[in-house]
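For reference, the structure is listed below as structure tokens.
The values are calculated or read from the model by the stated rules, or taken from the named source; none is laboratory data. This structure is a prediction, so every number in the text was calculated from the model and none was measured. Here the Cβ is made from the backbone with ideal geometry for all residues, glycine too, and neighbour counts use every protein chain on show. Just so you know, the surface numbers come from the protein's heavy atoms only, side chains and all, with ligands and any DNA or RNA stripped out. Shrake-Rupley method; radii C 1.70, N 1.55, O 1.52, S 1.80 Å.
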Amino acid sequence: SQVIATGKRRLDDGQWVIMFPEGTRTPVGGKGKYKAGGAILAVGTGVPVVPIAMNSGDCWPRNAFIKTPGTIVVSIGRPIAPDGMGPAELMARVETWIESEMRVITPG
């Protein structure tokens, strides 16, 4: 696939590939639809996924013209190796980590 070919080229060049599986900021307490492009790349190249959760939707809601001052919390998880997993299973593990971490960084 083009995702794997382009991603592999970038990884081979020593670049990090950052993908946002939800595609946009989600309201606090909300959950977007996760897309599997990053998981497909990870499985296709054997490169681990480093999951990241952040609450930027608190200060910069989707489709909002005005940004609210505040502190954005970014939580970086341990790498998840794709060994023996298909894209769906890897994406489920990443999604589970992000969603549980969101409950920690944006309680209530």
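Can Val104 be described as within 24 Å of Gly38 (Cα to Cα), of a type in the set (Val, Ile, Thr), within 14 Å of the chain's Cα centre (by Cα) and exposed (fewer than 11 other Cβ atoms within 10 Å of the Cβ)? Write out each step before concluding.
Values: within 24 Å of Gly38 (Cα to Cα): yes; of a type in the set (Val, Ile, Thr): yes; within 14 Å of the chain's Cα centre (by Cα): no; exposed (fewer than 11 other Cβ atoms within 10 Å of the Cβ): yes.
In short, no.
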Scanning the range 31-90 for residues that are more than 17 Å from Val17 (Cα to Cα) and in a strand (DSSP E or B) gives Met54, Val74, Ser75
Of the candidates Arg25, Arg93, the one satisfying the condition of being open to solvent by 60 Å² or more (accessible area, probe 1.4 Å), modelled with pLDDT under 90 and basic (Lys, Arg) is Arg25
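Being within 18 Å of Pro87 (Cβ to Cβ), among the aliphatic types (A, V, I, L, M) and at pLDDT below 85 is true for just one of Ile40, Ile66, Ile4. Which residue is that? Give the derivation first.
On the way: Ile40 fails: at pLDDT below 85; Ile66 fails: within 18 Å of Pro87 (Cβ to Cβ).
When all the criteria are applied, what remains is Ile4.
Among the residues of the range 12-22, which ones are surrounded by 15 or more Cβ atoms within 10 Å (Cβ to Cβ) and either over 13 Å from the mean Cα position of the chain (by Cα) or free of Cβ contacts under 8 Å to residues at least 24 places away in the same chain (or both)? It would help to see each step written out before you state the result.
Initially, the range 12-22 is screened for residues surrounded by 15 or more Cβ atoms within 10 Å (Cβ to Cβ), giving 17, 19, 21-22.
Result: Met19, Glu22.
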